[in-house]
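One structure is given below, encoded as structure tokens.
The values are calculated or read from the model by the stated rules, or taken from the named source; none is laboratory data. Keep in mind that what you see is a predicted model, and the values were worked out from it rather than measured. When we count neighbours, we look across all protein chains shown, and the Cβ atoms used for this are built from the backbone with ideal geometry, even at glycine. Please note that ligands, DNA and RNA were not included when accessible areas were found on the heavy atoms of the full protein model with its side chains. Shrake-Rupley method; radii C 1.70, N 1.55, O 1.52, S 1.80 Å.
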Amino acid sequence: MVKRIAVAELKAHLSETLRAVERGERVAVERRGKTVAVLLPPEEADHVAGDWWTRIYGVMSDVDDFAEIMRDTVKSRARARPRPVKLED
């Protein structure tokens with residue numbers, strides 16, 4: 001479960017919030033009802049940050065430029081406009 005906290009409340013209770021994150025809780029920081037950041041425990045953040053695709057095993061392990069290809073792919077997808085997805089024929 002994700003705990004939601006306003007920016008002002010986070011400022012007032014930063015130490016307590018960080019202790020909760022250290023215990024494994026996730027905290028979504030909100031400004032005017034919109035999530036602007038998510039605090040994760042370090043062990044979860046490791047899976048999100050960096051070259052997450054380097055953890056893919058099997059078929060791709062023998063592709064020399066795999067990390068570079070994935071970095072370029074992720075960058076290009078981040079710039080791309082979202083496309084509607086047709087779920088039914």
Original post:
Within the range 2-24, how many residues are touching a residue at least 24 places away in the same chain (Cβ under 8 Å) and either assigned to a strand (DSSP E or B) or under 18 Å from the mean Cα position of the chain (by Cα) (or both)?
Top reply: 5
**OP:** Kindly check whether there is at least one residue in the range 63-74 that is open to solvent by 60 Å² or more (accessible area, probe 1.4 Å), modelled with pLDDT of 60 or more and of a type in the set (Gly, Ala, Ser).
**Re:** no
